[in-house]
Amino acid sequence: MQKKFITNIAFLVFVNILVKPFWILGIDRAVQNAVGTEHYGFYASLFNFSLLFNIFLDLGITNYNSRNISQNMQLVQKHFSGIVALRLLLAGLYLLIGLVTAFIIGYQAYQFQLLIILFFNQILLSFIMYFRSNISGLHLFKTDSIISVIDRLIMILICGFLLIFFPQEFSSHLEWFALSQTVGYLITAAITLWILHGKVTLQRITFHWPFLITILKKSAPFAILIFLMGFYNRIDAVMIERLLPNNGAEQSGIYAQAYRLLDAANMIAFLFGGLLLPIFASQLKNKISVEPLTKLSYCLISVPAVILICCCMFYKTQIMDLLYESHHNESAQVLGVLVFCFFAMSSNYIFGTLLTANGNLKQMNIMALCGMCINIGLNLILIPKYFAFGAACSSLVTQFATAIIQIGLSHKVFGFKLDSKLLALFALYAVLVMAVSYLTSQLISNWLVGILLTSTIALGLAFLLKLINLKHIALIMKQEE
């Protein structure tokens, strides 16, 4: 399983690095520069609002299905049509609840127009994620890796064309940006369904109510977890826009500028979680120890996390100045706080995924509820006083609090031994990389060269301290799966 993880995570990361950073740091950033910070903040607030109700789109079915199919692959054909029928009903519920809530909190006509497009995009994306959960559940990881970038690739082509040939029209019509995503999702959904149809015989969609109720009961704990975690991960931009009546859109845009880099980095951590869930579930069913894979995946993700944090700490102003045309200093200060969230979020994707695969959903839901309460409470206190910077601080506290809880739960549930040597090496590594980052920022005038040199030295230190043990990885790769 370790060999399967290494080969597939390497391919998955490679494919995504080719495409998704260009979308986030290229197209998405170019759109914000074209429309302006305030208008993009308006869009970012609506986009995050559309994400808040994803619980009603999925109800935990995707994660439940990925875990269930990886342990019982023969169920794909039996369950597929019934779950698609259920998801159609949930899409209607999601749309109704979202529109009613938008009306209650006072969104205007143009906001409603854009929200409808965003809601439809989320519906399409939810179907894509369900289709992909069947593909990953069948352990077709390389196929899933390719599918994971198709939508962004199509969006890059469409938005790139519009930005080059119709820049004025594109900058004044945010709905064009949203509709380009609609096209990307439609094509990806069709391709994914076609691939899945080639692997299993899909039956006609039927509404079999006893089956639908059974699936809802089994997926309910997953649904609660996704809702709570999604809420404290995405509520910040919405609260900024709502709590600051005079400059809420502008501050939301500043927050979005800094959060975009965290989103780009978090893409890698998300890939780890998506790949690990079916592998962990399979190992647990077959009573294979998950400790070696947990330690391996944690080391592989923590090293780049430390490098990213140190580089952003010492070069945050230069990075923001390069990427954006306004509000560089404000977004740089927000980035200086948000980047630390990446380490905690990376830990969550490893240990949270492990606990989810093991079915420890009651404990995970209590943890997520605590995270939501901490985040909302701190946002209510900090946003009115410190604006976007306050939201970043509340996010940092929330992410580390939930990470500590999940790591503690994992050690308790699985009886992991405390590896004091590994912890000491990581502490030493973090101090050394921070020192290297500081020295390069002081001694090298070209900050891009400084980041490149820091990253190179940091990787060398990771190999030297054997946080990434090449000999161990080589031995794993020689093993038969």
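The values are calculated or read from the model by the stated rules, or taken from the named source; none is laboratory data. Note that this is a predicted model, so its numbers are computed, not measured. As a convention, Cβ positions derive from the backbone with ideal geometry for all residues, glycine included, and neighbour counts pool all protein chains shown. Just so you know, the surface numbers come from the protein's heavy atoms only, side chains and all, with ligands and any DNA or RNA stripped out. Shrake-Rupley method; radii C 1.70, N 1.55, O 1.52, S 1.80 Å.
Mean sequence separation of contacting Cα pairs (under 8 Å, at least six apart), scaled by the length of the range 146-291, corresponds to a relative contact order of 14 percent.
Once you have a ≥ b ≥ c as the square roots of the Cα gyration tensor eigenvalues for the range 276-382, tell me rounded if a/c is under 1.5, and otherwise prolate or oblate according to whether a/b is larger than b/c. Oblate. With the charge dipole of the chain set up from +1 on Lys and Arg Cβ and -1 on Asp and Glu Cβ about the Cα centre, the Cα lying farthest toward the positive end among the listed residues P384, A357, Y232 is that of A357.
With bins 10 Å wide beginning at 0, the percent of Cα pairs of the range 233-324 falling in each bin runs 13, 31, 28, 18, 9, 1.
Does the range 388-476 come out rounded, prolate or oblate by the C-alpha gyration tensor, with a ≥ b ≥ c the root eigenvalues, rounded set by a/c under 1.5 and, if not, prolate when a/b is larger than b/c and oblate if not?
Because a/c hits 1.5 or more and a/b fails to exceed b/c, the range 388-476 counts as oblate.
Within the chain, the selection of entire DSSP H helices by a Cα span of 20 Å or greater along the long axis and an average Kyte-Doolittle value of at least 0.5 returns 2-22, 75-104, 109-137, 141-165, 174-199, 209-243, 248-285, 291-323, 361-414, 420-443, 447-464. From most to least packed by mean Cβ count within 10 Å, the peptides 284-292, 50-58 give 50-58, 284-292.
Could you give me D for the chain, from Stokes-Einstein at 25 °C and 0.890 mPa s, where the hydrodynamic radius is the Kirkwood radius over C-alpha pairs? Units µm² s⁻¹, please. Diffusion coefficient, whole number: 105 µm²/s. Based on protein heavy atoms only, the range 398-445 ends up with 59 Å² per residue of surface accessible to a 1.4 Å probe.
Between S326 and H173, the contour length at 0.36 nm per residue exceeds the alpha carbon distance by 53.1 nm. Between the beta carbons of T317 and N446, assuming R0 = 22 Å, the FRET efficiency works out to 0.90 to the nearest 0.05.
At 1.4 Å probe size, with every protein chain present, just tell me what the per residue accessible area of the range 96-202 comes to in Å². Walk me through the numbers on the way to the answer.
Details: 4800 Å² over 107 residues.
Accessible area per residue: 45 Å².
On full extension, the segment bounded by A220 and S289 gains 22.1 nm, given 0.36 nm per residue less the C-alpha separation. Over 31 Å apart at the Cα level, from the set K362/K466; K217/K412; K199/K295; K142/K287; K20/K412, are K362/K466; K199/K295; K20/K412. To put it simply, the accessible area of the range 326-481 at a 1.4 Å probe is 71 percent carbon and sulfur. Label-to-label distance for F14 and L418 is 4.0 nm, based on points extended 7 Å past Cα in the beta-carbon direction.
Atom-type composition of the exposed protein surface of the range 132-282 places 68 percent of the accessible area on carbon and sulfur (1.4 angstrom probe). With Cα atoms defining each centre, the range 187-256 and the range 294-319 are spaced 28 Å apart in the structure. When the dipole is taken about the Cα centre of the chain, and only Lys, Arg (+1) and Asp, Glu (-1) are charged at their Cβ, what size is it in debye, to the nearest 20? With only Lys, Arg, Asp and Glu charged at Cβ, the dipole is about 1860 debye. Label reach from I213 (point 7 Å along Cα→C-beta): in the range 51-65, no amide nitrogen lies under 12 Å.
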